[in-house]
There are 2 protein chains.
Amino acid sequence: MYFEGSEKKAEIIIDSEQMSLLKDIDDSFWATLVEQCHAKILSTISNQTCKAFLLSESSLFVWADRIVILTCGVTKLVNSVEYFIAQIGQAKIKQVIYQRKNEYFSHEQLSCFGDDIKLLSQYVEGKALRFGELDSHHTYVFHQDNDFTASSTDKTYELLAYQISSQASIALTTPNLSAQEIRSFLAIDELLDGFIIDDFVFQPFGYSLNAIKDNDYLTIHVTPQESSSYVSFESNLNLLAMAPKILAILSPASFDILTFNEADFHGLTLKHIPSDYVSQSLVQSELTNGYQVAFANFIKPQTSYSQAKIIDINGENHAL
Amino acid sequence: MYFEGSEKKAEIIIDSEQMSLLKDIDDSFWATLVEQCHAKILSTISNQTCKAFLLSESSLFVWADRIVILTCGVTKLVNSVEYFIAQIGQAKIKQVIYQRKNEYFSHEQLSCFGDDIKLLSQYVEGKALRFGELDSHHTYVFHQDNDFTASSTDKTYELLAYQISSQASIALTTPNLSAQEIRSFLAIDELLDGFIIDDFVFQPFGYSLNAIKDNDYLTIHVTPQESSSYVSFESNLNLLAMAPKILAILSPASFDILTFNEADFHGLTLKHIPSDYVSQSLVQSELTNGYQVAFANFIKPQTSYSQAKIIDINGENHAL
């Protein structure tokens, strides 16, 4: 059984002097927004500065002046972005950033990144870049190119783990796992202190978690099945510092780290990435909107041979 | 400008006591066969045991008892295989092997491997395996599962190079290169001695070469453009032994080696693969038709940062 865990992601920043996305927008707007890409809201948590929605396909975070939305599977997130722009109005929007990473099964997707930026370009003038090589892990970033300049304190981190260890995959595909059991396995209590947590266990497999504390947020999405395992962490907390713990638990064959505005990316990777991983890609660029973006893909070199994966000829092989 | 260099490949072995594919089949059959996947024959060379066709999309080799066909781009090679089976008849066919590797732009393809094996399974009972991880380079192999047993002397080698060095890419995208200039760059004279050679330079870029000598064959296909560079070698000559020379010329960021019936795959990789490459995947399996198949993907770890690739928003981005 295959599932596309890879997320598309959008961040949209508005002029908070004109409106507050927390006070001036009600939840029915967000429900309609996520419906545009065929996702739905499962549950909500909030504090004074942030509202976090757990979705049937990943997560939506709303602050007064911005949203961050991630959706996986075959969702067409660009439709939700288009809806936001159309409803809120371009005059209030300071910055649109739209990201898309290489999928496991890109032929199953309803659009490609090229299609998506063609659509977005009808609304906002922008630039696009690719971080990483085409034949390996890579992330595309489209961003509005206007007079907006990012604050250097606006930092975000993504850690994307692929091909987690058999032990981790087996543990996370145990039937009828509770959310608490998955939190324990992922050592959430050690990673997060004092956060409000909202999580959901999907059937037959899969797990999503949103966590917020003041202005901090973390979201985790787990696609545990061994054939196409993928676990993503996205946060404004320093995931490079958390990487040793996360990698010890999941032991992925490969992982990506993407950061916005982490000035010491290289130093932190040297400090925190275990030495049994090597870099396949190392990319750094400054976007014209002021964000310093860094991307690295790490792999664990293999020294022993595995058997080829046997494919069930009569199975659902549309994803292959 | 993007081009999908990745090939699909088929090998079909017939009962040579019932017919000879060289003597009993004329060239119009092969022309029609390759038309089934929208390729066409550009030129032909032959010796007493083999006829080699250079195609608009890669190559077809015909011996008395077998064919090997490779096609790149968005060709649907499975249609040519279906045509062969239908025309020659299942009773004369001893073995069908159909391979497909992960593409750069899989969403551009007319079918996926799952679709292809569903079609082939209507004609031949088979098995399918995947060599390599889903999130990195991998090759799917479908093979007929019958009483055929491969000879241990039936060896083939593939060396697939990705992201060749800037210098190699620049050299191979020089306007108006002659075939002789490309042969010199690839040091064909050092690799091959006494072979009949047929090659073709595509416009604006691209190069294909077929070479035969007695029962030996080698085919090379070059997609040199820096955005999606790919160079494939397929032969019954020992490409592991040739790897040091090939890798020195192309200096790819990554390459795959796939062998059928090379018993000392591991020893030869230790001996011939330069130490600045590490293995991302190492897979070995014996197919039920008797072939010992080995696959390895090697990468060159990066230590310095590159800039993100800028994408022309107004360009032809359908492949992204």
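A few remarks follow.
- Answer residue from region A:108-139, given it is assigned to a strand (DSSP E or B) and within 16 Å of A:Ile12 (Cα to Cα) and is nearest to the other protein chains (Cβ to nearest Cβ) among those: A:Ala128
- Within region B:164-178, the residues that satisfy the criterion of being away from every other protein chain (no Cβ under 14 Å), open to solvent by less than 40 Å² (accessible area, probe 1.4 Å) and in a helix (DSSP H, G or I) are B:Ala168, B:Ala171, B:Leu172.
- Residues of region B:265-284 that are over 26 Å from B:Tyr98 (Cα atoms), of a type in the set (A, V, I, L, M) and more than 7 Å from chain A (Cβ to nearest Cβ): B:Leu270, B:Ile273.
- Qualifying residue in region A:110-132 (condition: open to solvent by less than 20 Å² (accessible area, probe 1.4 Å), touching a residue at least 40 places away in the same chain (Cβ under 8 Å) and touching an Asp or Glu at 6+ places or on another chain (Cβ under 6 Å)): no
- A single member of B:Ala211, B:Ala241 is open to solvent by 30 Å² or more (accessible area, probe 1.4 Å) and either more than 14 Å from every other protein chain (Cβ to nearest Cβ) or at pLDDT 95 or above (or both), and it is B:Ala241.
- Pairs meeting the criteria (first residue in region B:166-179 and under 20 Å from B:Asp198 (Cβ atoms) and in contact (Cβ under 8 Å) with a residue 12 or more places away in the chain, second residue open to solvent by 30 Å² or more (accessible area, probe 1.4 Å) and part of a helix (DSSP H, G or I), beta carbons under 8 Å, at least 6 apart or on different chains) are B:Leu172/B:Phe185.
- Any hit, region B:74-90, residues being within 14 Å of another protein chain (Cβ to nearest Cβ) and surrounded by 18 or more Cβ atoms within 10 Å (Cβ to Cβ): yes
- Output for region B:140-163, where each listed residue is closer than 30 Å to B:Pro224 by Cβ, within 11 Å of chain A (Cβ to nearest Cβ) and in contact (Cβ under 8 Å) with a residue 60 or more places away in the chain: B:Val141, B:Leu160, B:Ala161, B:Tyr162, B:Gln163
- Lone qualifier among B:Ile273, B:Ile310 - being loosely packed, with under 14 Cβ neighbours inside 10 Å and without any contact (Cβ under 8 Å) to a residue 60 or more places away in the chain: B:Ile310
- Filtered residues of region A:285-320 (kept if touching a Leu at 6+ places or on another chain (Cβ under 7 Å), within 16 Å of B:Asp135 (Cα to Cα) and more than 7 Å from every other protein chain (Cβ to nearest Cβ)): A:Ala296
- Some residue of region B:220-236 being within 13 Å of another protein chain (Cβ to nearest Cβ) and open to solvent by 50 Å² or more (accessible area, probe 1.4 Å): yes
- All conditions in (1) open to solvent by 10 Å² or more (accessible area, probe 1.4 Å); (2) outside any helix (DSSP H, G or I) hold for A:Ile69, with the sole exception of (1).
- Within region B:135-163, restricting attention to residues that are of a type in the set (Val, Ile, Thr) and surrounded by fewer than 22 Cβ atoms within 10 Å (Cβ to Cβ), the residue that is nearest to the chain's Cα centre (by Cα) is B:Thr156.
- Residue in region A:181-195 that is under 18 Å from the mean Cα position of the chain (by Cα), in a strand (DSSP E or B) and away from chain B (no Cβ under 14 Å) present: no
The values are calculated or read from the model by the stated rules, or taken from the named source; none is laboratory data. Please read all numbers here as calculations on a predicted model, not as lab measurements. Note that we place each Cβ from the backbone using ideal geometry, even for glycine, and neighbour counts take in every protein chain shown. Keep in mind that these areas ignore ligands, DNA and RNA; they rest on the heavy atoms of the full protein, side chains included. Shrake-Rupley method; radii C 1.70, N 1.55, O 1.52, S 1.80 Å.
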